[in-house]
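Notes for the one structure printed next.
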Amino acid sequence: MLKKFKENKQLSKELAKFIVKKINKKKNFNIGCPGGRSLKKTYKYIGYYSYKMNIDLNNVKIFMMDEYVIKTKNNRYKLCNQKDHFSCVRYSYKVIQKLFNYKKTKNKLIKENIFFPKVENVKNYDNLIKKMGGIDIFLLASGSTDGHVAFNNFKSKKNSITHITKLSKETRTDNLKTFPKFKSLKEVPKYGVTVGLGTIRKLSKKAILVLSGKEKRDATKIILRKKYFNKNWPSTIIYECKKNDIYIDMNALNIK
């Protein structure tokens with residue numbers, strides 16, 4: 001279902017209210033979260049509305065979508081340092097956890113309730129999600145220039161599970177904006193561990209793709225025009241999910 005909003009603030013508020021109400025209805029609630037800019041205001045309002053509505057978040061488990069990895073000289077992979085400004089693990093603690101816990105003194109989202117894919121055994125992430133009952137809501141964002149979702153690019157397969165991948169130049173270029181402390185493309189890691197398109201498609205009970213802002217206009221045109229999954233634009237995996245919504249604002253639609 002396509003849901004249109006005047007601007008990002010309205011979109012973020014309505015999405016956050018929807019999620020908080022869903023959290024309140026379940027004993028345990030699993031949410032898939034991207035790092036970066038697209039959902040940051042939504043995270044802020046999840047914290048705000050859960051506080052205003054006196055809804056506990058200690059039953060929420062967050063499954064992060066990806067993390068940068070470094071390829072060592074002996075062709076092994078390791079996660080980037082959590083202290084790096086671009087670390088998605090760092091983002092989950094410093095941004096998502098902090099925003100969710102707005103004004104809360106108890107029954108907060110805790111660090112132990114945030115999970116990440118690991119390089120040592122990437123396949124285990126899908127198994128963990130299955131064991132936990134699947135993802136109640138998987139929040140998705142689309143890359144501006146290549147439609148990547150998490151770190152899945154045009155080479156990713158529709159049934160892929162969590163895996164290590166080489167990042168496309170377009171994805172790395174997009175991430176220069178996501179993490180403005182990068183001074184050049186050379187500083188952006190070339191590899192990442194990511195949930196697969198199959199992880200999103202098969203393990204989500206509902207998926208919501210957010211398209212907001214002027215820089216998402218090209219992505220929006222492509223996604224709305226295709227209306228089906230196309231491997232050349234991975235974020236179209238939204239159409240393969242059992243239940244799906246696309247939240248979009250007028251800036252992304254190029255409508256004043």
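The values are calculated or read from the model by the stated rules, or taken from the named source; none is laboratory data. Since the model is a prediction, treat every value here as computed from it, not as a measurement. Cβ placement follows ideal geometry from the backbone for every residue including glycine, while neighbour counts extend to all protein chains displayed.
Descriptive notes on the structure:
- Filtered by the rule that a residue be at pLDDT below 90 and within 27 Å of LEU176 (Cβ to Cβ), the stretch 87-118 gives a lone residue, LYS118.
- Scan of the stretch 15-36 for residues that are touching a residue at least 60 places away in the same chain (Cβ under 8 Å) and part of a helix (DSSP H, G or I), ordered by number: LEU15, ILE19, LYS22
- Tally of residues being assigned to a loop (DSSP other than H, G, I, E, B), among the hydrophobic types (A, V, I, L, M, F, W, C) and more than 16 Å from ASN28 (Cα to Cα) across the stretch 94-124: 3
- Filter result for the condition that a residue is buried (at least 21 other Cβ atoms within 10 Å of the Cβ), farther than 24 Å from SER212 by Cα and hydrophobic (A, V, I, L, M, F, W, C), over LEU140, LEU109: LEU109
- Failed criterion for CYS33 (all others in (1) surrounded by fewer than 16 Cβ atoms within 10 Å (Cβ to Cβ); (2) in contact with a helix residue (DSSP H, G or I) (Cβ under 8 Å, 6 or more places away or on another chain) hold): (1)
- When ASN152, ASN159, ASN127 are checked against the criterion of being surrounded by 13 or more Cβ atoms within 10 Å (Cβ to Cβ) and under 25 Å from ILE208 (Cα atoms), a single residue qualifies: ASN152.
- Selection count, the stretch 184-227, where residues are part of a strand (DSSP E or B) and in contact with a Pro (Cβ under 8 Å, 6 or more places away or on another chain): 2
- Lone qualifier among THR173, THR145 - being touching a residue at least 24 places away in the same chain (Cβ under 8 Å), surrounded by fewer than 20 Cβ atoms within 10 Å (Cβ to Cβ), of a type outside the set (Asp, Glu) and part of a loop (DSSP other than H, G, I, E, B): THR145
- Within the stretch 64-82, tally of residues that are under 16 Å from SER92 (Cα atoms) and in a loop (DSSP other than H, G, I, E, B): 4
- Filter pass, ASP218 being out of contact with any helix residue (DSSP H, G or I) (no Cβ under 9 Å at 6 or more places or on another chain) and not polar (S, T, N, Q): yes
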